[in-house]
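Written below as C-alpha cells is the structure these notes are about.
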Amino acid sequence: MRALRITLIIVFVLGGLFVGADRLAVKLVEDRITDEVRSARDANSVDVSVNGFPFLTQVLAKELESVDIRLSGVTQDIAEGSLRVSEFDVEARDIRLSDDYSGGVADRADGSALLTYEDLTAAAQEGVRVEYGGPAQAGEAKVKVTGSVNVPVLDKPLERSTTSTVSVENGDTVRLRADAIPGSDIPGIEDLIRQRIDYTRTIDGLPDGVRLEKIEANQRGVTVHFSGSDVNVTG
C-alpha cells in the first residue's frame, strides 16, 4: 500500500510538471505568433489563443489543432483612401507550423471583420455620414447615408439622405451604393450625389488566402464574413 501511494504521488507530480511545461510552451508560441501578426498588420491590439491539449505533442508534430486570432484597430492606407477595421476575428484550423514556429499555414480559416459606422464614415468623402439603416429584408445589408452637394441650378447646397446597400465584390472589396436618390428628377442631381455617397473600399488587412463572402449590418456596424483555405495565419 505504501508503495502504491508513492507511485501515485510520483504520477501526480510528473503529471503536474508535464501540464506546466505544456502551458508554458503554449504561451511561448502564442507570444511568438502575436508578435508576427502585430508586425504584419500594425494593429492596436492582438490576442492569440492556441487550442488543444496536450500542446507539446502538437509542437513536435508541427501541427496545431486550431488558433483563434483577434485584432483591433487595423488601419490600411489604400489607393481609394484609408479604411479602419475595428475588429478582426479569425479561427484557423489544422495549422502546419513553420520550422521556427513563428507562423504557419491553416488548412481552413473562417472569420469576420467589423466596420463600425464611424469607420465607414471616415472612409467616405468629407461631409458624408454613414449610419444604421434599420433591419434589412432578403438578407441584404442596408445603411443610411447622408451627404450634401452644391447644385448650380439651385445656387445652394442640397442635403439628401438615402438607404444604401452594402455588398462585397471580388473577394476583397466593400461597396456602398444608394438604392435611390431623393430629388433625382432635378437634372444632374443623381450623378452629383452618387459621386459623393457611393464608394468602394478594398480591405487589405485580410489574412492571405481568404475571400470576403457575405456581409451583415446591425446597430454596431457592418460585419463582413470571410473564409479560405491554405491561409497564412500571420500574413
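The values are calculated or read from the model by the stated rules, or taken from the named source; none is laboratory data. What you see is a predicted model; the values in this text were computed from it and never measured. Here Cβ is always computed from backbone atoms with ideal geometry, including for glycine, and neighbour counts include all displayed protein chains. To get the accessible areas, we keep the full protein, side chains included, count just its heavy atoms, and leave off ligands, DNA and RNA. Shrake-Rupley method; radii C 1.70, N 1.55, O 1.52, S 1.80 Å.
Residues of the stretch 202-235 that are at pLDDT below 85 and open to solvent by 30 Å² or more (accessible area, probe 1.4 Å): Asp204, Asp208, Gly209, Asn232.
Selection of first residues in the stretch 116-132 that are over 14 Å from Arg84 (Cα atoms) and open to solvent by 20 Å² or more (accessible area, probe 1.4 Å) and of second residues that are modelled with pLDDT under 85 and not small (Gly, Ala, Ser), restricted to Cβ pairs under 7 Å at least 6 apart or on distinct chains, gives the following pairs, ordered by first then second residue: Gln125/Arg196. For the stretch 1-103, the strands (runs of 3 or more DSSP E) that sit wholly inside it and include 1 or more residues that are surrounded by 14 or more Cβ atoms within 10 Å (Cβ to Cβ), at pLDDT 75 or above and aromatic (Phe, Trp, Tyr) are 81-97. Among residues of the stretch 131-167 being among the charged types (D, E, K, R) and not in a strand (DSSP E or B), the one that is modelled with the highest pLDDT is Glu140.
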